[in-house]
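The values are calculated or read from the model by the stated rules, or taken from the named source; none is laboratory data. Everything quoted here is computed from the prediction, not taken from an experiment. Heads up, the Cβs are rebuilt from the backbone with ideal geometry, glycines too, and the neighbour counts pull from every protein chain shown.
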Amino acid sequence: MKDFILSLVVTLLSVACHGQVTTTYTEDELALHSEFIDAAAQKYKGELSKAALLFEEILKKDNSHHAAAFEVAKIKFEQKKYEESIRFGNKALDKNPNDLSYLSFLSDACLEIKDYKNAIVFLDQRMNLNASNRAIYSDLAFAYFENNNPKKALEVLNSLEKLDGISEYTSKRKYKIHQYNGDVELAEKELLALVASQPKSVRYLTNLAKFYDQTKQKDKAHNIYKEILSIDPDNAKANMVMAAKLNGKNNASSYLLSLDPIVNNPEVPLDAKIKELIPFIEKATPKSDSTFTKALKNTLESVRNTHPKDPKGFALTADFFSRTAQNEKAIEYYLKTLKLNDNVFSVWEQLLFVLDEENKYALLKDKSYEAMDLFPNQAISYVMHAKALINLNEPAEAKEYLDEARLIAGKNKEILQLIDQLSKTIN
């Protein structure tokens, strides 16, 4: 720390000696320099409160010492004493009104505490002094918008656009303001201008297509998705939309068949495929048309083959077999799911229910015990374990597990009812 203080002194002396005009300091001024160095040393040691007091002592002796006021402002801000921070920041700015570092600090501080009205004042001053700084435009537009003046926010963004041309940054923000104002026409115009700036940008086109979807302009959305496919034939969202448009979800089998190129593409995220298939799984029943169930079964097989290490495809297949009353197959695929990932309780729960339906009590006993071990706070596992024990003629042990289940179940009426029903069979 002594070396640090000496280096500051050397710097000050060096400036004095090598400048073209020799500056003469009074004893009071030299004393203030020394006090400033001492205060700075405390700050860099992390002694912020001590440093602030020392800088404030300097201000008592020289109220025009804006550098000391600025140091106090920064320390107070770091201490989250925001009102004091801004007060000292303004004191520094009063003595040096065109200092960009002071203005930058004050505008950032006001934005931080959501004082958008004063932030606008400081940002305007910064812009007048440094009109080429693009970041100022962004902050000023944001401050105007948050201060309930979207019109001025748009004016600032338009000024930025004149400097830089159309960009994703300005267009997105203008688009959001138009949406906020409920001006669909101007919002569309903004997205179209962005697309025109880079006609082959799939991201820009996708944003436009989503906008048309949201505003129920389905034909326009369809045309944009066609354009996306001409640029990126494997685009998952566009392919799904086009498949739905061409085949219609009323003909589920044809629609599922049309999804084959997407389902078999490993680059398309599994979650996107699952999202598309879940409505069909939920619609499946034991009485579903055989053409539909066969098409869905084949699609699920393609999902598993394309993502063989992801348990989600196997779990979805198990749910399909469970819903169509093919319980043996459901058990097989729930077990395969758990082999890949045994950390999702809902899969265990479904497996236990299906084992119970099929009266596979020996396996139910084993699997419910595993579930209890992994998820000790899930009362249903204890209930299913007790049920297996009852059916395997082990009532005493079953009673113990039912007692544990009752403790864990709390106020869950459904589980408590199951416990009561099973308890009656062994009393």
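Odds and ends about this structure:
- Residue that is basic (K, R), over 17 Å from S423 (Cα atoms) and free of Cβ contacts under 8 Å to residues at least 40 places away in the same chain, where the choices are K399, K367, K387: K367
- Candidates I113, I120, filtered to the one that is within 32 Å of the chain's Cα centre (by Cα), surrounded by 15 or more Cβ atoms within 10 Å (Cβ to Cβ) and modelled with pLDDT of 95 or more: I120
- Here I228 passes the criteria (1) at pLDDT below 90; (2) touching a helix residue (DSSP H, G or I) at 6+ places or on another chain (Cβ under 9 Å) except the one numbered (1).
- For the residues T324, T425, the requirement of being in contact with a helix residue (DSSP H, G or I) (Cβ under 7 Å, 6 or more places away or on another chain) and in contact (Cβ under 8 Å) with a residue 40 or more places away in the chain singles out T324.
- Residues (touching a Leu at 6+ places or on another chain (Cβ under 7 Å), touching a residue at least 24 places away in the same chain (Cβ under 8 Å) and hydroxyl-bearing (S, T, Y)) located in region 292-321: T299
- Residue that is farthest from A362 (Cα to Cα), among those in region 374-422 that are crowded, with 17+ Cβ neighbours inside 10 Å and small (G, A, S): A409
- Scanning region 266-278 for residues that are at pLDDT 90 or above and within 15 Å of S254 (Cα to Cα) gives a single hit, L277.
- Residues that are of a type in the set (A, V, I, L, M), under 18 Å from S197 (Cα atoms) and outside any loop (DSSP other than H, G, I, E, B), drawn from region 132-184: L157, L160, L163
- Candidates L194, L270, L277, filtered to the one that is in contact with an Asp or Glu (Cβ under 6 Å, 6 or more places away or on another chain), surrounded by 14 or more Cβ atoms within 10 Å (Cβ to Cβ) and of a type outside the set (F, W, Y): L270
- Condition check for K80: at pLDDT 90 or above and not in a helix (DSSP H, G or I): yes
- Selection within region 39-76 - surrounded by 18 or more Cβ atoms within 10 Å (Cβ to Cβ), more than 24 Å from E112 (Cα to Cα), touching a Leu at 6+ places or on another chain (Cβ under 7 Å) and modelled with pLDDT of 85 or more: I58, H65
- Helices (runs of 4 or more DSSP H) (entirely within region 354-413) containing at least 1 residues that are under 18 Å from V344 (Cα atoms): 361-374, 379-391
- Close pairs from region 39-66: first more than 14 Å from F88 (Cα to Cα), partner surrounded by fewer than 13 Cβ atoms within 10 Å (Cβ to Cβ) and acidic (D, E), Cβ under 8 Å, at least 6 apart: L48/E78; K61/D28
- Flag if F36 is in contact with a Gly (Cβ under 9 Å, 6 or more places away or on another chain) and surrounded by 15 or more Cβ atoms within 10 Å (Cβ to Cβ): no
- Helices (runs of 4 or more DSSP H) fully within region 215-334 counting 3 or more residues that are of a type in the set (G, A, S) and within 27 Å of L205 (Cα to Cα): 236-247
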